[in-house]
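**Q** Have a look at the structure that comes next, please.
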Amino acid sequence: MNSSSATPGRLDLRTLLQGQADKLRLWTQPGHSRSIVFNVAVIFLGAGLYGAAMGWWREPLQGFYVALKFPLIILLTALGNALLNAMLAPLLGLNLSFRQSLLAILMSFTITAAILGAFSPLAAFVIWNAPAMTPDVKSTLTYGFIKLLHVAVIAFAGIAGTVRLYQLLAELGGSKAVARRVLLAWLAGNLFLGSQLTWIARPFIGAPHLPVVFLRDTALQGNFYENVFATLKQLLGVN
Amino acid sequence: MNDLNPTGPIPPQLPTPTYPIRAPLGESPEEREPIPNLFAATEAVLRQPRRVMYHLRQPGSGRIVIAMLFVAMLCAAGYGVVVGTFSSGAQLWIAPVKIVGGLLLATLICLPSLYIFACLSGSQARLMEIVGLVTGLLLLTTLLLIGFAPVAWLFSQSTDSLAWMGTLHLVFWGIATVFGLRFLENGFAHTKARSNAGLMTWVVIFVLVVLQMTTALRPIVGTAETFLPQEKKFFLSHWGDSLKSSLD
């Protein structure tokens, strides 16, 4: 059986969003390198547009920076964990090649990015209607609403991408139990690395009293989990 | 399986790893395919562990064992460099040397006891098969550590906390070791051992020895004036002290 004998057709957003796992499986086979370019392009476009809307509130330049940072975080998460994810899959019972595992993850991120891109006009509309940032912005209702909107949209997009990844893994492995195991292992790794990359790449929304920068001077000082730990200590009143 | 699309190639799926898998080794022709080089050995330990186990039982398995050991030490050294990037400078060579040396030493210390436990359990495994299984454990563990290396590197560049980095490396080593030990346990299940109580005891001993090695060879993550520590400590006491000084 040869992969080139299968004719999966052109990979398109519709196929991805519909989660036609049988078609998507063909796109993870060797000889379809254009699917990588397509995935990367959608990630840059979709996540970039949403990033632009997110940063626009502070200043257009901030929007431009976030438009670059958002897709980069997604791609660096996929690449940083690529080797680990490719090793974990066969160890957990799913015999995927390095290419297949990377493409499966890229496809799920592409779905997430496409959804983000689709919501970017909505986010931009909210930002356009929001009053300009003031020094006390963080205590305002608008700031809370915008933050919640971003959380809701990103969570929805992330969940949709994850559901599709699970369906693809079940198709590739033929077993839901194996798919679940691999998905959980991959999610844990991607969340762990993605959180830290996001921490390094801050700011996203930006703050009026801080300059507009691509990365803060303190980008590599401390990490996301240390910060969570310090906050917990503060909340619990532990010294 | 995969009836939805009969036109596409279906990758050969691994059996669901409900260990131990007790079907006789070498039953499938794929398992009997020779392992000609380092790359094949590396690939096989990840994707076809039963193929490795089968070949470890054949005459002349020493070549595979040496190949696996070489790759394992290479991976350990690679991860060691990543560990060394936290402190940089001399730690860039000290950490890999200590990690490679520590792993080899811990394995050598523990090997005789595993062989004795295997014999006591009624296992028919030859010494070379046992050595091969332990080498497989090391290879799988260090391969996974290489998989974790990009994440470990990112965190080592973003934090000054020795306790945090030490904990992270331990967690990564723990996860990698669980997979390595599954390989060992699965291989042991084919040696006709009556029980795996001896193996389980050995696993505890091995883990304790490796953990103590991290303290005996300290510092691996941080820096010190001397290559080896001047004071002897139990690993729990060392961790406690490190954590305390980090929180102060």
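Quick note: the coordinates plus some simple rules give every number you see, no bench work behind them. Worth saying up front: this structure is predicted, and the values here are computed from it rather than measured. So basically every Cβ, Gly included, is an ideal-geometry build from the backbone, and we count neighbours across all protein chains shown.
**Q** For A:VAL42, A:VAL228, B:VAL204, what's the fewest-to-most ordering of other Cβ within 10 Å of each Cβ?
**A** By the 10 Å Cβ count, ascending, the order reads B:VAL204, A:VAL228, A:VAL42.
**Q** Here is a further query. For peptide A:11-24, compute the average count of partner chain beta-carbon atoms within 10 Å of each residue's beta-carbon.
**A** Rounded to a whole number, the mean comes out at 1.
**Q** I would also like to ask the following. For a quick check, take a GNM of chain B with Cα springs below 10 Å and name the residue from B:SER88, B:SER61, B:SER158 with the largest mean-square fluctuation.
**A** B:SER158
**Q** What nm value, rounded to one decimal, do you get for the distance between B:GLU33 and B:LEU74 when each label is placed 7 Å out toward the C-beta?
**A** 2.0
**Q** On C-alpha positions alone, give me the angle between the axis of helix A:34-56 and the longest principal axis of chain A, in degrees, nearest 10.
**A** Relative to chain A, helix A:34-56 is tipped by roughly 10 degrees.
**Q** Okay, moving on. Any idea how far apart B:LYS244 and A:THR218 come out in nm if each label point goes 7 Å out from Cα toward Cβ?
**A** 3.0
**Q** Compute the FRET efficiency between B:LEU127 and A:THR231 as 1/(1 + (r/R0)^6), taking r as their Cβ-Cβ distance and R0 = 45 Å, and round to the nearest 0.05.
**A** Working from the Cβ atoms, E equals 0.25.
**Q** Other chains near A:75-81: what is the mean number of their Cβ atoms within 10 Å of each residue's Cβ?
**A** 2
**Q** Convert each backbone phi in the range B:24-38 into a coupling constant with the Karplus relation 6.51 cos²θ - 1.76 cosθ + 1.60 (shift: θ = phi - 60°), then list the ³J(HN,Hα) values in order as whole Hz, x for Gly and Pro.
**A** x, 5, x, 5, 8, x, 4, 6, 8, 4, x, 10, x, 8, 4
**Q** If I stretch the segment between A:ILE36 and A:TRP128 completely, what's the gain in nm (0.36 nm per residue apart, minus their alpha carbon distance), one decimal?
**A** Value of the extension gain: 29.7 nm.
**Q** Now for a separate question. Output the 0 to 90 degree angle, nearest 10, between the alpha-carbon long axis of helix A:82-91 and the longest principal axis computed from the alpha carbons of chain A.
**A** The helix A:82-91 is inclined about 50 degrees to chain A.
**Q** Can you give the Rg/Rh ratio of the protein assembly as shown, where Rg is from the C-alpha atoms and Rh is the Kirkwood radius?
**A** Here the Rg-to-Rh quotient is 1.01.
**Q** Computed FRET efficiency, Cβ-Cβ of B:VAL81 and A:LEU149, R0 56 Å: what is it to the nearest 0.05?
**A** 0.80
**Q** With all distinct Cα pairs included, what does the Kirkwood hydrodynamic radius of chain B come out to in Å, to one decimal, could you say?
**A** 19.4
**Q** Here's a follow-up. With angles folded into 0 to 90 degrees, how steeply does helix A:224-236 sit against the dominant principal axis of chain A? Use alpha carbons for both and round to 10.
**A** With rounding to tens, the tilt is 50 degrees.
**Q** Could you check the spin-label model distance between B:VAL207 and B:LEU92? Points 7 Å from the Cα along Cα→Cβ, value in nm.
**A** It is 3.6 nm.
**Q** Chain B: longest stretch without exposed trypsin sites (Lys or Arg not before Pro) (DSSP loop, at most 14 other Cβ within 10 Å), sites themselves excluded?
**A** Within chain B, the longest run free of exposed trypsin sites (Lys or Arg not before Pro) spans B:23-191.
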